[in-house]
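The values are calculated or read from the model by the stated rules, or taken from the named source; none is laboratory data. All of these numbers come straight from a predicted model, not from anything done at the bench. Glycine also receives a Cβ, built like all others from the backbone with ideal geometry; neighbour counts cover every protein chain displayed.
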């Protein structure tokens, strides 16, 4: 699947649409950024509640191309601007991390 | 003079350098081998003059090449008080002599001085032959010598010897305290520099992890510092320096899950106690020097060939 295919999953809303539409081969679910750094591997998509600048920095370092922000957490202007500058797709959802992981996992 | 118990050198969390030293050094490397000894059949008065001449406060008593007792300066004082200096040593020496073996590590010596209140221990070899004597002063001397040596070695390690003509890239980034809006910026720049040079993605990943975690550490824990990055033909080196506050217990800080970060920082997804362990894991060489009040320097070396 590709980053754009995440938009076909019910419950995910694209909130940052200026992104590179790269292939997604896997995902990682975590709210601890050091854990993401240590274990995400070639994730493709990060499923998390951490919607701030540092999350984008981590995604950049790990070549993660899409983020799903769970539990309806707010995605503020600053966060989205950075995501845009780094060409990362951001999806927002009311679902929790487990539910999103299952949905994306089933679509891979 | 026994070593004060409160020194407590043999703690589980003692710095590994210290443990290295006290297990690496052997009793035979430290003991005095030039021995003043006496037979048990001479008088205490004669022993006193042997001790005086040899400038020691205790001597082993030998009979038929075998250690049979010890006479210490305390025995001599008692004899003067009790006015029996003319009597023979055999009747007044301590015979329950505790000995160390020459092949034992220094750690055993330290334990003995803590456990038994003697000022010196005779040292025997595996054939039970007396080969030396060791005092707490000898141990202190050796510890100071070894620790000096180790500190000098660590200091030289942290200042990596690099041939300046081989460096292909060098950048220093200033990192501000609690500046989360810029945290990750330096490591992302380092990553871009490496990516532009088409290195193996795995190598880029390892350097990125080290740089990022060190950058975040300076942001969260220090009063500000710098992140230095350089590259030569063989390796990437990331050095994080700050001037305060320093880490009270480095061993603990290197343990996965140990964190001193507060809840605000944790709510941002930091402070999981994985930072330094992550750096160590991706490094081929990892060094850390920290002193409370003086700050922390961490150095991570990642070799290009190993990726």
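Conditions (1) touching a strand residue (DSSP E or B) at 6+ places or on another chain (Cβ under 8 Å); (2) within 13 Å of chain A (Cβ to nearest Cβ); (3) under 30 Å from residue B:108 (Cα atoms); (4) modelled with pLDDT under 80, marked per residue:
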position: B:142; (1), (2), (3), (4): no, no, yes, no
position: B:146; (1), (2), (3), (4): no, no, yes, no
position: B:155; (1), (2), (3), (4): yes, no, yes, yes
position: B:159; (1), (2), (3), (4): no, no, no, yes
position: B:164; (1), (2), (3), (4): no, no, no, yes
position: B:174; (1), (2), (3), (4): yes, no, no, no
position: B:179; (1), (2), (3), (4): no, yes, no, no
position: B:191; (1), (2), (3), (4): no, yes, no, no
position: B:196; (1), (2), (3), (4): no, no, no, no
- Residues of the range A:74-103 being out of contact with any strand residue (DSSP E or B) (no Cβ under 8 Å at 6 or more places or on another chain) and part of a loop (DSSP other than H, G, I, E, B), which ones? A:74, A:76, A:86, A:87, A:94, A:95, A:96
- Task: Would you mind stating whether residue B:220 is within 13 Å of chain A (Cβ to nearest Cβ) and either in contact with a helix residue (DSSP H, G or I) (Cβ under 7 Å, 6 or more places away or on another chain) or farther than 19 Å from residue B:154 by Cα (or both)?
- Result: yes
- Scanning the range B:198-209 for residues that are more than 10 Å from chain A (Cβ to nearest Cβ) and at negative phi gives B:199, B:200, B:202, B:203, B:206
- Return the total of residues in the range B:238-278 being closer than 18 Å to residue B:209 by Cβ, within 10 Å of another protein chain (Cβ to nearest Cβ) and not in a loop (DSSP other than H, G, I, E, B). 4
- Identify the residue in the range A:42-73 that is assigned to a loop (DSSP other than H, G, I, E, B), more than 9 Å from chain B (Cβ to nearest Cβ) and in contact with a strand residue (DSSP E or B) (Cβ under 9 Å, 6 or more places away or on another chain) and, among all such residues, is surrounded by the fewest Cβ atoms within 10 Å (Cβ to Cβ). A:72
